[in-house]
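Contents: one structure, followed by commentary.
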Amino acid sequence: MTNDKQDQTFRPERYKLGTRRSPLAMAQAHEARDRLAQAHGIDPAHIEIVAVTASGDRIQDRALAEIGGKALWTKELDAWLASGEIDFAVHSAKDVETIRPQAFTIGAILPREDVRDVLVGAESIAALPPGAVVGTSAPRRAAQLLHARPDCKVVTFRGNVATRLAKLAAGEADATFLAAAGLVRLGETGTGHPLAAEDWLPAPAQAAIMIECRADDERTRAFLAAVDDAPSRAQVLAERALLAGLGGNCHSPIAVLTRNEGGHLVMRAALYSPDGAEHVKGEARFPADDAEGPGRLAADLLARAVPTITVHFAGA
C-alpha cells in the first residue's frame with residue numbers, strides 16, 4: 001500500500017511547468033524538467049512545459065526599471081500559477097521580485113551555475129578603448145563599469161543573448177555584458193571573456209534557477225523538494241534577504257557575491273551611485289541558517305553610504 005501511495009504522489013498523469021518563451025528561459029525549463037524526471041525516475045513526458053511570452057520580453061526598447069521592473073518577468077506566470085493553469089513556474093532567480101505573493105513559495109533552487117559576468121568585445125574592462133561605448137540595461141553593470149572606467153559611455157541594450165550580440169555586431173556598441181550562466185545553458189561557452197567574480201561582483205541571485213509553486217500545494221512541494229540544492233538555496237535566500245534589507249529595486253545598483261564555507265555564508269556586497277562615482281563595500285560572515293545576517297550587512301552598508309547612493313535604496 002505504501003508504494004501505491006508513493007506512486008500516486010510522485011507519478012501523476014501530468015505536471016504543468018510554466019516558463020517564459022525566451023530561448024534561455026526554455027533552456028532553464030528543460031533543465032528543471034529533466035532534473036525532476038531523473039530525481040523521480042519518471043518519463044519527462046509527465047511534465048508538460050507551458051510557455052508564455054512575458055511582458056518583459058515583448059517590450060525591448062526601454063530599460064526594465066522604466067516600464068514596471070521585475071514584475072514584467074513574472075506577472076503572466078503568477079496569474080497562471082494562482083489560477084491553477086500550471087503547477088509550478090521556473091524563473092531566473094535574479095528576475096524575481098524580492099517581495100512575492102504569500103500564496104506562492106520557493107519549491108526548489110537548482111544547483112547554481114557560474115555566477116560571473118562575461119565581457120564581449122574586449123578581453124577585460126581595462127582593455128576597453130578610451131571612450132568605449134558599452135551596451136547594458138543593468139544599473140549594476142553600468143555603475144561598476146563607470147566606477148572602473150569613467151571615460152566609457154553606457155547605452156541601453158535589452159533583449160536576449162542573440163539580440164544583444166546582433167546589436168554589438170551591428171556596431172551599436174563596442175562591448176556588452178552577458179551572464180556566464182546563460183551562455184552555459186545555451187551552449188555558447190566560447191563567447192566573450194569572463195570577469196573575475198571577486199573583482200566584478202555579480203547580481204543578487206545571478207545564475208540560479210528558482211521554481212515556485214502554490215504554498216498550499218503539498219503534492220507539488222514534495223515533488224519539487226527532490227531537486228532543491230541546499231547550498232544554492234542558502235546563497236539565493238541570503239542574497240534576496242540582503243535586497244529586502246536594502247529596499248533595493250531595478251533602479252538600485254547593487255552587486256553581491258556569496259560563498260559557502262562549512263556551515264557559514266561569506267557575503268561580499270557593494271552599492272553604487274548610478275554614475276559609478278561613489279560606492280561602498282562590505283563583507284559579512286554568518287551561519288547559513290541566520291536569517292538576520294544579510295540584514296545586518298544591509299544596515300552596515302546603508303549606514304556608511306553617501307546620499308547619492310542611499311537615495312536609490314528604500315531601506316535607507
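Bear in mind that the values in this text are calculations on the coordinates, not laboratory data. Quantities reported herein were computed from a predicted structural model and do not represent experimental measurements. Positions of Cβ are backbone-derived with ideal geometry, glycine not excepted, and every protein chain shown enters the neighbour counts.
Rank the residues Glu85, Glu97 as a footprinting-exposure proxy: fewest other Cβ atoms within 10 Å of their Cβ go first.
Exposure proxy ranking, most exposed first: Glu85, Glu97.
Can you give the charge dipole size of the stretch 240-310 about its Cα centre, rounded to the nearest 20 debye, using +1 on the beta carbon of Lys and Arg and -1 on the beta carbon of Asp and Glu? Please report the intermediate quantities before stating the final value.
Numbers: 7 positive and 8 negative charges, 15 e Å.
Dipole size: approximately 80 debye.
From the helices alone, meaning DSSP H stretches of at least four residues, give me the mean residue ellipticity at 222 nm for the chain, per-run term -39500 (n - 2.57), in deg cm²/dmol to the nearest 500.
Details: 11 runs with 110 residues, N = 316.
Calculated mean residue ellipticity at 222 nm is -10000 deg cm²/dmol.
With 10 angstrom as the radius, rank Glu239, Glu76, Glu172 by how many other C-beta atoms surround their C-beta, starting from the fewest.
Glu172, Glu76, Glu239
Over the stretch 240-310, what is the relative contact order in whole percent, taking alpha-carbon pairs under 8 Å and six or more residues apart?
Numbers: 111 pairs, mean separation 22.4, N = 71.
32 percent.
For Cα extents along the principal axes in Å, one of (1) 70, 44, 33; (2) 57, 51, 35; (3) 68, 53, 43 was computed from the structure I shared and the rest are decoys. Which label?
(1)
With a 10 Å cut-off between alpha carbons and a GNM built on the chain, which of Ala305, Ala29, Ala291 moves the most?
Between Ala305, Ala29, Ala291, it is Ala291 that shows the largest mean-square fluctuation.
Could you give the distance between the Cα centres of the stretch 90-138 and the stretch 275-316, to the whole Å?
Spelled out, the Cα-based centre of one part sits 19 Å from the other.
In terms of the Cα gyration tensor, with a ≥ b ≥ c the square roots of its eigenvalues, is the stretch 141-199 rounded because a/c is under 1.5, prolate because a/b exceeds b/c, or oblate? Provide the component values of the computation, followed by the final result.
Values: a/c = 2.23, a/b = 1.20, b/c = 1.86.
Judged from the Cα gyration tensor, the stretch 141-199 comes out oblate (a/c at least 1.5, b/c at or above a/b).
About the Cα centre of the chain, how large is the charge dipole given +1 on each Lys and Arg Cβ and -1 on each Asp and Glu Cβ? Please answer in debye to the nearest 20. Can you show the working numbers first?
Numbers: 35 positive and 41 negative charges, 83 e Å.
With only Lys, Arg, Asp and Glu charged at Cβ, the dipole is about 400 debye.
Sort Asp78, Asp95 so that the residue with the fewest other Cβ atoms within 10 Å of its own Cβ comes first and the one with the most comes last. Please report the intermediate quantities before stating the final value.
Working: Asp78 19, Asp95 22.
Ordered from fewest to most neighbouring Cβ atoms within 10 Å, Asp78, Asp95 come out as Asp78, Asp95.
Which of Val184, Leu297, Phe313 sits closest to the plus end of the dipole of the chain, meaning its Cα is farthest towards the positive end, when Lys and Arg get +1 and Asp and Glu get -1 on the C-beta?
Phe313
For the charge dipole of the stretch 141-261, defined by +1 on Lys and Arg C-beta atoms and -1 on Asp and Glu C-beta atoms about the Cα centroid, which residue among Ala234, Phe157, Pro253 has the Cα displaced farthest towards the positive pole?
Phe157
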